[in-house]
Amino acid sequence: MYQSTTTYNVAPTIRLDKIMPHGLPINSFIDKGRCAIGGTYSEINNKTRCTIIVVPNISIELSKQRSHPEMDIVYGEVTRKEVEEIFLLKKVGHKIMTTPEGMLKIMTVAEGLGIVKQLYDNWFLLLDEAHTFISEAYRKDILAPFIYFWSFKAKSIISATPFEFSDPIFKTLHHHKITFTDTLGKVTLVKATSIVATLNYLLSNLDKYPGNIHIYFNSVKDSVAAIKRAGLRQEQCNIFCANDKEGENMKKLGDLIGYFLSEPVDGCYKKVNFYTCKYFEGWDLYDSNATMVFVSDINKPQTCLGPKTKGKQAFGRLRLDVENKEEPHRLIHITNARSLRYMNSIDKFITDFYAQGYQAVSHWNEKVALLKSQKRAIPTTTEIIKFADIDNITKNATLIPLKLDQQINFEANKEVYNHIDFIKKDWEDGYFDVEVLYADHKIETNTIMKRKSKATQLKEDYQALKAYNSERLTTTTFNFGLTVEQEIQSSNPTAYLAFKLLDESTLESLKYNVKKVETAIILKENSMAELKLARLLNQQFKPGSKYTNDTIKSKLQTIYNQLNIRNTDGTIKVAKATELAKHNWYEMKPCSIKEDDGGYENGQLIIRAHFNLLMAA
């Protein structure tokens, strides 16, 4: 339990300065409920106190400083001398925004200036986008602000998508939670057979979107592949990704280096804009009629970010005039999912990881003690530091709950993707309505298509129709033009008719041999036409009546044509007068029929209709 809990249930249009008119509360864990509610804005404009605001990345700092030029920012390229000059300004209501790594530089300079106690006693420390301390475990110094956090007399953490920290010390804070009287919008959750093909389908239908498309896909490599596959030109597309020190992302961009932009700013957006996780939080996107797309793939773990956390943050970049009911064109999440109907609870993850963590730390410290007694070198390791700190002198490990939380968060997010229903629930927990659509788009190379036999293509199309119709029972499809069924009906009518008329065991027995399947279709169609045939025969031929052979053939041929009754080679069957008796439809006997000119013509006297014809008719 927290020190206290205050819940605010408000309309989604209400901003934080109206909910908390006296400013952000101190010594608090603030769950602000949605992005763009004005949390950072509120603190920057609060001139009653000096504040250090920690945000995840430089992009946020630059974006906020453009709107608030009086605010100072600290990041990697800012020197210690420049930080000293910032403190010497002694502004009223001074605001310094920094990255987590920059916090180390600020406190080092403060120590040199002898003002550390002054900061602890008189400044407010706000950790903004607090979930990123857990979600961005790959950053070496992401947890640096927590070295100092608990020493500040006035401190708070805030996020629209908070992570519930496992360390009991966080329960010493006051909890403020904002909930809403309505949802934040509707997410179209697309369960894709192929992420690659579905994304390509979207990018191949750009004319269906009135505004720009913003795609949040945490993979530079796959973003590049998608752009090349869709044939997007540089004037159509941007890529926003981290320009890392090692230059790995620039290498991945390859010949698309010209598509790269370091910062998203008003006026730079193109029809298609790709973003990796650096740009999922904190900055403001002003773009009317925008379509926001979140892409995840269970085969690429780095993309399987939490829908109600990272997905919500990504969609939250879009700034809308909510008072005038401005809405995005569409919010889309393209994903796949496992077919597992279970998901471990967060409590189970906490229990398991703490048990593993304590055991690993114990084993490590025992190993260190043994190696010291043997006067042997202590090896460096990267595994233990995932959840513990190593003392530089003693080399002993200490379990760090925040590092365990990072591992717990990663595994818990993976569990969400066990089933499409869990993904849907995660979005709903983030205050979104959700519609689930199904996408069966596929991409095949020309080489593969050329190598396929007709039987293989028939089988694949049959299975595609089977999957499509199975999914369609519970969800509608993600399509702009033809559906999967319509496409196959056009491109492979034999597969379409086989699915409609034959069961799978029949096709397996025929080994998907196209000619044999076509024959089976004809026989099935003829069989199905027999009921209609019986009714038409009953209308055309009456017991006790005489018909010339030519009349019988003519009437019967008309019926064959009308019902598309065919021979096994696909041609329309040719009618014969004797077939009325041959197929056991009627009992007949030959007769002569007098013509108007006095002559006679051979014909048949219909004595009676047989039982099977009467029953069918």
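The values are calculated or read from the model by the stated rules, or taken from the named source; none is laboratory data. In this text the structure is predicted, and so the values were computed from the model without any measurement. No Cβ is skipped: glycine too gets one built from the backbone with ideal geometry, and neighbour counts run over all protein chains shown. We work out accessible area using only protein heavy atoms, side chains counted, and drop any ligands, DNA or RNA first. Shrake-Rupley method; radii C 1.70, N 1.55, O 1.52, S 1.80 Å.
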query: If you check residue 116 against the conditions, is it within 26 Å of residue 23 (Cα to Cα) and open to solvent by 10 Å² or more (accessible area, probe 1.4 Å)?
result: yes
message: Cβ-Cβ distance below 6 Å, separation of 6 or more or different chains: which pairs start in region 93-120 with a residue that is touching a residue at least 24 places away in the same chain (Cβ under 8 Å) and more than 19 Å from residue 282 (Cβ to Cβ) and end on one that is of a type outside the set (A, V, I, L, M, F, W, C) and assigned to a helix (DSSP H, G or I)?
response: 107/148; 109/80; 109/84
- request: Give the number of residues within region 109-145 that are over 36 Å from the mean Cα position of the chain (by Cα) and either aromatic (Phe, Trp, Tyr) or not in a loop (DSSP other than H, G, I, E, B) (or both).
  value: 14
Given (1) surrounded by fewer than 18 Cβ atoms within 10 Å (Cβ to Cβ); (2) out of contact with any His (no Cβ under 6 Å at 6 or more places or on another chain), index of the condition residue 237 fails: (1)
message: Taking the condition of being open to solvent by 20 Å² or more (accessible area, probe 1.4 Å), among the hydrophobic types (A, V, I, L, M, F, W, C) and under 27 Å from residue 430 (Cα atoms), how many residues in region 133-170 meet it?
response: 5
task: Inspect region 302-316 for any residue being over 27 Å from residue 435 (Cβ atoms) and in contact with a Phe, Trp or Tyr (Cβ under 7 Å, 6 or more places away or on another chain) and give the result as yes or no.
output: no
query: What is the number of the single condition among (1) open to solvent by 60 Å² or more (accessible area, probe 1.4 Å); (2) touching a residue at least 40 places away in the same chain (Cβ under 8 Å); (3) farther than 19 Å from residue 137 by Cα that residue 346 does not meet?
result: (3)
- prompt: In region 75-93, is there at least one residue being of a type in the set (A, V, I, L, M, F, W, C), part of a loop (DSSP other than H, G, I, E, B) and under 30 Å from residue 407 (Cβ atoms)?
  reply: no
task: Just name the residue that is surrounded by the fewest Cβ atoms within 10 Å (Cβ to Cβ) out of those in region 47-73 that are assigned to a loop (DSSP other than H, G, I, E, B) and among the aliphatic types (A, V, I, L, M).
output: 71
query: Taking into account only those residues within region 566-590 that are surrounded by 14 or more Cβ atoms within 10 Å (Cβ to Cβ) and not in a loop (DSSP other than H, G, I, E, B), which is farthest from the chain's Cα centre (by Cα)?
result: 588
- prompt: Is there a residue in region 174-183 that is open to solvent by 20 Å² or more (accessible area, probe 1.4 Å), among the hydroxyl-bearing types (Ser, Thr, Tyr), touching a residue at least 12 places away in the same chain (Cβ under 8 Å) and closer than 30 Å to residue 303 by Cα?
  reply: yes
query: Out of region 146-191, which residues are closer than 26 Å to residue 15 by Cβ, assigned to a strand (DSSP E or B) and not small (Gly, Ala, Ser)?
result: 155, 157, 158, 174, 175, 176, 177, 178, 179, 180, 186, 187
